[in-house]
Amino acid sequence: MNILFLLRSVSSRSGIDIVTRILANEFVSMGYNVNLCCLDFSDSSISSKIKYFKIFGNWRKIDTSQNVNILKSAIQKENINIIINQECQNIPWANLAKKAAENSNAKIISCLHFPILMTIDYFAEKARKFPVFFAKFFKKYRDLRNVNSAYDNSDVLVLLSEKFLEHYKDLQPKRNSKKIRVITNPLNLSAKEIDFEKKQKTILFVGRISEYQKRLSLIIEIWKIILSTKKYDDWNLKIVGDGEDMETIKEKTKNLDRIYFEGKQKSESYFEVSSIFIMTSAFEGFPMTLAESLKRGCVPIAMNTFLSLSDVIENEKNGFVIPDGDINAMAKKIQILMTDESLRKEMALNGLESVKKFDIKIIAQKWESLFNELSK
């Protein structure tokens with residue numbers, strides 16, 4: 001079986017990038033020939049057995065004749081059986097895959113990494129030149145058009161959650177969904193046990209410093225509430241990541257104690273020593289950081305703003321789910337975990353058990369079943 005991943009980059013450490021690397025390396029270990037076709041590639045964690053084909057230009061206008069010819073040549077040269085389009089929410093990428101695969105035996109699997117209408121309210125708020133109802137109507141029309149294009153131009157459309165599938169059926173009740181499958185994102189799970197002796201009294205945030213999505217201002221307000229109790233002087237808050245709003249967020253925290261900005265770093269070591277992970281995002285697709293926190297024994301607390309949250313956190317068992325925007329409720333749950341070490345350990349152990357369903361070995365079997373289905 002010869003597989004080709006089509007995506008924007010394999011160096012950005014975005015969620016799509018990370019998932020692609022995990023899957024690609026696992027497929028190589030299973031004996032598949034794996035290829036990458038993208039705009040940018042620079043990553044030593046990718047197997048040396050994987051071949052790379054470079055495409056060019058603006059990612060929003062990727063379906064140029066030059067790129068179609070590059071991808072078509074790769075399909076022919078490597079005798080590609082499966083194309084996995086990781087950018088199918090953008091019509092030009094769906095067009096590129098479809099045009100290049102014409103007159104070949106390659107099957108196209110398009111992976112939608114986000115729920116439809118994920119940012120509709122925030123898009124409407126940002127589009128201030130237009131009435132809210134019109135902005136929402138346009139966003140809904142555009143998103144459904146993009147997803148339907150991916151569906152029509154693919155042999156299979158893969159969604160990350162059953163919740164995404166239910167949402168799609170609600171939005172498109174008259175549309176056939178027989179080509180849709182659900183396969184969640186994978187994790188590399190090591191056999192190494194968590195060393196709870198290494199756990200520090202640290203609350204952790206990992207992600208892009210973008211107020212629009214991640215809402216770091218809410219984390220700051222939550223930290224102010226915790227500091228005001230004057231009970232947790234041995235705890236600290238660490239922010240791992242970088243982004244367009246870094247300076248603004250730093251300015252808001254200049255008079256706050258024990259908050260540390262670590263910059264853009266590999267997050268694994270931070271998860272390993274931190275005790276609590278917090279997420280206040282306005283929207284997410286399927287955030288890998290939540291699953292990563294469970295994997296590393298770092299108890300997650302997240303606001304209930306995205307469909308896939310219940311796939312990862314079972315409220316009050318392996319983490320806490322907080323009503324959207326309720327900073328007082330989140331501060332209260334954080335303080336409960338800060339105070340009760342035995343509860344932290346119990347929830348962390350529950351998390352280690354629950355995250356096993358994301359093991360790459362299990363997820364790879366689902367992909368292999370799909371490959372076999374398409375090869376019949």
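The values are calculated or read from the model by the stated rules, or taken from the named source; none is laboratory data. It should be emphasised that the depicted structure is a prediction, and the values quoted were computed from it without experimental measurement. Using ideal geometry, Cβ is built from the backbone for each residue, glycine included, and neighbour counts are taken over all protein chains shown.
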Got a sec? Which strands (runs of 3 or more DSSP E) wholly within the stretch 14-101 have at least 2 residues that are more than 30 Å from G241 (Cα to Cα) and more than 24 Å from the chain's Cα centre (by Cα)? none
Would you check if G319 is touching a residue at least 24 places away in the same chain (Cβ under 8 Å), surrounded by 23 or more Cβ atoms within 10 Å (Cβ to Cβ), of a type in the set (G, A, S) and in contact with a Pro (Cβ under 6 Å, 6 or more places away or on another chain)? yes
Single residue of the stretch 181-207 satisfying the filter (in a strand (DSSP E or B), at pLDDT 95 or above and among the hydrophobic types (A, V, I, L, M, F, W, C)) that is farthest from E26 (Cα to Cα): I203
Pair list, Cβ under 7 Å, 6 or more apart: the stretch 192-211 residue under 17 Å from I226 (Cα atoms), other residue assigned to a loop (DSSP other than H, G, I, E, B) and of a type in the set (A, V, I, L, M, F, W, C): K201/W235; I203/W235; L204/C298
Quickly run through the stretch 328-376 and pick out the residues that are among the polar types (S, T, N, Q) and either within 25 Å of the chain's Cα centre (by Cα) or under 30 Å from A24 (Cβ atoms) (or both). N350, S354, Q365, S369, N372, S375
Working only within the stretch 251-277, note down all residues that are polar (S, T, N, Q) and under 22 Å from the mean Cα position of the chain (by Cα). Q265, S267, S269, S274, S275
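Per-residue answers, yes or no, for (1) touching a Gly at 6+ places or on another chain (Cβ under 7 Å); (2) under 25 Å from I16 (Cβ atoms):
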position: K174; (1), (2): no, no
position: K178; (1), (2): no, no
position: D195; (1), (2): no, no
position: Q200; (1), (2): no, no
position: S210; (1), (2): yes, yes
position: K214; (1), (2): yes, yes
position: K230; (1), (2): no, no
position: Y260; (1), (2): no, no
position: E272; (1), (2): no, yes
Selected residue (criterion: surrounded by the most Cβ atoms within 10 Å (Cβ to Cβ)) from residues of the stretch 2-42 that are under 25 Å from Q76 (Cβ atoms) and hydroxyl-bearing (S, T, Y): T20
For the stretch 254-279, give me each residue that is touching a Phe, Trp or Tyr at 6+ places or on another chain (Cβ under 8 Å) and not in a strand (DSSP E or B). L256, R258, F271
From the list L294, L290, pick out the single residue that is part of a helix (DSSP H, G or I), crowded, with 18+ Cβ neighbours inside 10 Å, in the same structural domain as T202 (by TED's automatic domain parsing) and in contact with a Pro (Cβ under 6 Å, 6 or more places away or on another chain). L290
Six or more apart or on different chains, Cβ under 9 Å: which pairs go from a residue in the stretch 1-12 that's more than 7 Å from I84 (Cα to Cα) to one that's assigned to a strand (DSSP E or B) and at pLDDT below 90? Could you list them? R8/D40; S9/D40; S9/F41; V10/D40; V10/F41; S11/D40; S11/F41; S12/D40
Subset of the stretch 218-253 (residues that are touching a Lys or Arg at 6+ places or on another chain (Cβ under 7 Å) and either assigned to a helix (DSSP H, G or I) or closer than 24 Å to G15 by Cα (or both)): I220, L237, G241, D242, G243
Based on this model, can you work out whether K179 counts as farther than 29 Å from I334 by Cα and in contact with an Asp or Glu (Cβ under 8 Å, 6 or more places away or on another chain)? yes
